[in-house]
Amino acid sequence: MFIEQIPVWLRFIKGIKWRFSHKKKTIYLTFDDGPIPEITPWVLVLLDKYHIKATFFCVGENVSKHPQLYQEILRRGHQTGNHTYKHIKALCTPNEEYFANVEKAASLIHSKLFRPPHGLMRYSQIKELRKHYRIILWDVVPRDYNRKLSPEKVLQKACRYTRNGSIIVFHDSLKAEKNMTYALPRYIEYCLSKGYQFELL
C-alpha cells in the first residue's frame, strides 16, 4: 500500500496511540522534523488562515538552532512533541544512547508527547519511554518527503485514507517542501468540505 502502515503488533501495545475514536468526525494534524525557518513559518500562517491547531513533533537540534521559531509555534497555540534530538533511528541505536538522545531533546521541548522517527522502536524502548511520554504514531502518512512522488499523488492518498479519528503526519522539512506546500492547503480544504474538525492530541 502507498501509505506507510504502523506494524500491526504496535497497535496492540499499551501506551501507544495511532488513531483516536472513530465515533467522532475529528482528525489530528501533526508535523514532523521541524522547526526550520524555510518551511515552518509558512505552515503557521496557513494554519492561522484556517484557525486550525496542530501538533509539531520537533527535532531537538532544530529547536536549539531556531529557539524563537519554536516559541512562535507555542505562542500561536499549537502543541509540540519530542522527536529525539538528532532524528535517530531507534532500531539502529543502543537503548541507553537512544534514551539519552530523547532526554537531550526534552531539555528543550517540554512536552509529554513523543514520536519516534520512522515510527519504529524496540519493545524495550517502548516500555521505558511510555513511563514518561504519550507515544503518538499515526494511521496516515502521505509520504510528502518522497521526491519521487508527485504533489498530486501525495494529496490524493492523504484524502483517500483519512477517516474519523485519523492522525495524519506531514513534514515541515526541506525534503517535503514541494509536496507538502501543494498538498496541505488542499487537504485542509478537503477535510473541511467533508465536515471534519481538527483537534489537538
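Before moving on, here are some points about what is shown:
- Set side by side, the residues LYS131, LYS153, LYS194 differ, and just one is under 22 Å from THR84 (Cβ atoms), of a type outside the set (A, V, I, L, M, F, W, C) and surrounded by fewer than 19 Cβ atoms within 10 Å (Cβ to Cβ), which is LYS131.
- Qualifying residue in the stretch 149-156 (condition: at pLDDT 95 or above and of a type in the set (D, E, K, R)): yes
- Within the stretch 10-29, residues that are closer than 26 Å to ARG122 by Cα and touching a residue at least 12 places away in the same chain (Cβ under 8 Å) reach partners that are part of a loop (DSSP other than H, G, I, E, B) and charged (D, E, K, R) with beta carbons closer than 7 Å, at six or more positions or on different chains, in the pairs GLY15/ARG130; TRP18/ASP139; ARG19/ASP139; TYR28/GLU199.
- Residues that are charged (D, E, K, R) and within 19 Å of ALA176 (Cα to Cα) within the stretch 132-162 comprise ASP139, ARG143, ASP144, ARG147, LYS148, GLU152, LYS153, LYS157, listed in sequence order.
- Just so you know, in the stretch 128-183 the residues that are small (Gly, Ala, Ser) and part of a helix (DSSP H, G or I) include one that is farthest from LEU29 (Cα to Cα), and it is ALA183.
- Residue within the stretch 172-191 that is in contact with a Gly (Cβ under 7 Å, 6 or more places away or on another chain), under 15 Å from ASP33 (Cβ atoms) and crowded, with 17+ Cβ neighbours inside 10 Å present: yes
- Hits in the stretch 44-60 (condition: aromatic (Phe, Trp, Tyr) and either within 14 Å of SER173 (Cα to Cα) or at pLDDT below 95 (or both)): PHE56, PHE57
- Residue ID - nearest to the chain's Cα centre (by Cα), chosen from residues in the stretch 89-98 that are touching a residue at least 12 places away in the same chain (Cβ under 8 Å) and crowded, with 18+ Cβ neighbours inside 10 Å: ALA90
- Summed over the stretch 101-121, the residues that are within 27 Å of ASP139 (Cβ to Cβ), outside any loop (DSSP other than H, G, I, E, B) and out of contact with any Ser or Thr (no Cβ under 9 Å at 6 or more places or on another chain) give a count of 3.
To keep it simple, each residue is scored yes or no on (1) loosely packed, with under 13 Cβ neighbours inside 10 Å; (2) more than 20 Å from MET180 (Cβ to Cβ).
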| position | (1), (2) |
| --- | --- |
| HIS22 | yes, yes |
| ILE36 | no, no |
| THR40 | no, no |
| CYS58 | no, no |
| VAL63 | no, no |
| HIS66 | no, no |
| TYR70 | no, no |
| LEU74 | no, yes |
| ASN82 | no, yes |
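Residues are listed down the side, and each one gets a yes or a no for (1) acidic (Asp, Glu); (2) at pLDDT below 95; (3) not in a helix (DSSP H, G or I):
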position: ARG11; (1), (2), (3): no, yes, no
position: LYS23; (1), (2), (3): no, yes, yes
position: TRP42; (1), (2), (3): no, no, no
position: ASN62; (1), (2), (3): no, no, no
position: PHE99; (1), (2), (3): no, no, no
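The values are calculated or read from the model by the stated rules, or taken from the named source; none is laboratory data. Small disclaimer: the values here were computed from a predicted structure and weren't measured. Don't worry about glycine lacking a Cβ; one is built from the backbone with ideal geometry, like all the others, and counts go over all protein chains shown.
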